[in-house]
Amino acid sequence: MGVMGSSCLGGGLPVAVMLCLNVVAAVMVSLVKVAMDGGMNPLVIVTLQQLTASVFLAPIAFFKERKSRPKLTLEIFAYIFVSAALGAALRQYMIFVALRYTTATFVTAFSNIAPVLTFLLAVATRSEALNLKSKTGMAKLLGTLVSLGGAMVLTLYKGVALTHAASQQHLHSHRPHADAVSRGKWTLGTVAILGNCVCLSCWFLLHGRLARKYPHVYSCNALMSMLSFLQVAVVGLCTQRSISPWLVKSKFQILTVLYAGIVGCGVSFVLVTWCIEKRGAVFVAAFIPVVQIIVSVIDFSILHEQLYLGSVLGSVLVIGGLYLLLWGKRQEALHCPPKVAEDADKEQQPVHT
């Protein structure tokens, strides 16, 4: 009976945890979107988020890994410094800029291409094998091409509004200049989320090497959050010299910062790490599109954002290609020796907003 209970717990608990994490990510995206619409600067949000995350994770790292943590060498520090810039500071800033100029649904839809870009970079650096003579190799290539096609649709084709179309058409007929400005901001937001995906993909590959050199996840992430806080704070203080943007003026903004730092960054990291250890990175990556579904529900029912035809078509292609790529990787892992499969999985990690 105990064995059966343990088996069920081990099999079902990671699924439940991942579903909870997707809700956490979706709520964070929506909270940040509302906070920025209320006037909060994205650079300020990232700075306070990383500070909160580092303060939250530092005690955990100290008590959990203080006896096993090795000496921090200059090489490891350099890895963590670059990892902080790519995976936390620059990536988070870009995703928040994208949220300011587009919609939460669009941002989460576009973020689905990050595993695909990771796969392309892994192939280019020979960290990932691609055998075009096998079904799995063809599936991975086809999935990559389909996802990239979906990303192009998301970037180049906005399409008509599918929700509140009548009111939107009436508004634009009286504000042609505002409509042109809106298209310009949408393009800027698209470039920002694309930059976020590129940074995230590079960070995945860098973090894979860092994890092998310094396998103490709590200490590594606590230091990474602190370094990213310092990096963003320096830039922020140079560009936002007035004290006004740094003042958190409402209870909602305080809640957003605390939630994004503690829950959206600190707790989520610990739980994602646990899920990867239990079921692997491919399992975790398969839940990425769930964030988009939850965000879409919040976006339309609570925030009353527009749903555009280009976002729907692009999302279908990106998600379809992603699952085809993940299927190829999963089938390949099943036919690989455990060590090879484990190494292959480490090269492709999930996207978390």
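Of the helices (runs of 4 or more DSSP H) lying entirely inside the stretch 78-124, those carrying at least 1 residues that are touching a helix residue (DSSP H, G or I) at 6+ places or on another chain (Cβ under 6 Å) and open to solvent by 20 Å² or more (accessible area, probe 1.4 Å) are 91-101, 114-124. Look at Thr52 and say whether it is open to solvent by 10 Å² or more (accessible area, probe 1.4 Å), within 19 Å of Val235 (Cα to Cα), of a type in the set (Ser, Thr, Tyr) and assigned to a helix (DSSP H, G or I). So Thr52 passes the test. Looking at this structure, is Leu171 surrounded by fewer than 21 Cβ atoms within 10 Å (Cβ to Cβ) and modelled with pLDDT of 80 or more? No: the conditions fail for Leu171.
Report yes if some residue within the stretch 60-73 is buried (at least 18 other Cβ atoms within 10 Å of the Cβ), outside any helix (DSSP H, G or I) and of a type in the set (Val, Ile, Thr); otherwise report no. No, the stretch 60-73 has no match at all.
Checking each residue in the stretch 135-161 for being assigned to a loop (DSSP other than H, G, I, E, B) and loosely packed, with under 15 Cβ neighbours inside 10 Å picks out Tyr157, Gly159, Val160. Figure legend. Inter-residue proximity from the stretch 264-278: first residues farther than 19 Å from Val55 by Cα, second residues small (Gly, Ala, Ser), beta-carbon distance below 8 Å, spacing 6+ or different chains. Indicated pairs: Lys278/Gly10. Number of residues in the stretch 225-255 that are closer than 12 Å to Leu43 by Cβ, under 24 Å from the mean Cα position of the chain (by Cα) and of a type in the set (A, V, I, L, M): the value is 4.
Within the stretch 94-146, the set of residues being farther than 30 Å from Leu43 by Cβ, modelled with pLDDT of 80 or more and among the polar types (S, T, N, Q) comprises Asn131, Ser134, Thr136, Thr144. Among the residues of the stretch 322-336, not a single one is of a type in the set (D, E, K, R) and at pLDDT below 70. Any residue in the stretch 47-60 that is touching a residue at least 12 places away in the same chain (Cβ under 8 Å), over 29 Å from Ile243 (Cα atoms) and either touching a Cys at 6+ places or on another chain (Cβ under 8 Å) or not hydrophobic (A, V, I, L, M, F, W, C) (or both)? Scanning the stretch 47-60, I find no residue that is touching a residue at least 12 places away in the same chain (Cβ under 8 Å), over 29 Å from Ile243 (Cα atoms) and either touching a Cys at 6+ places or on another chain (Cβ under 8 Å) or not hydrophobic (A, V, I, L, M, F, W, C) (or both), so the answer is no.
The values are calculated or read from the model by the stated rules, or taken from the named source; none is laboratory data. Predicted, not measured: the structure shown is a model, and the values here were computed from it. For neighbour counting, all protein chains shown are included, and Cβ atoms are generated from backbone atoms with ideal geometry for every residue, glycine included. Heavy atoms of the whole protein, side chains included, go into the accessibility calculation; ligands, DNA and RNA do not. Shrake-Rupley method; radii C 1.70, N 1.55, O 1.52, S 1.80 Å.
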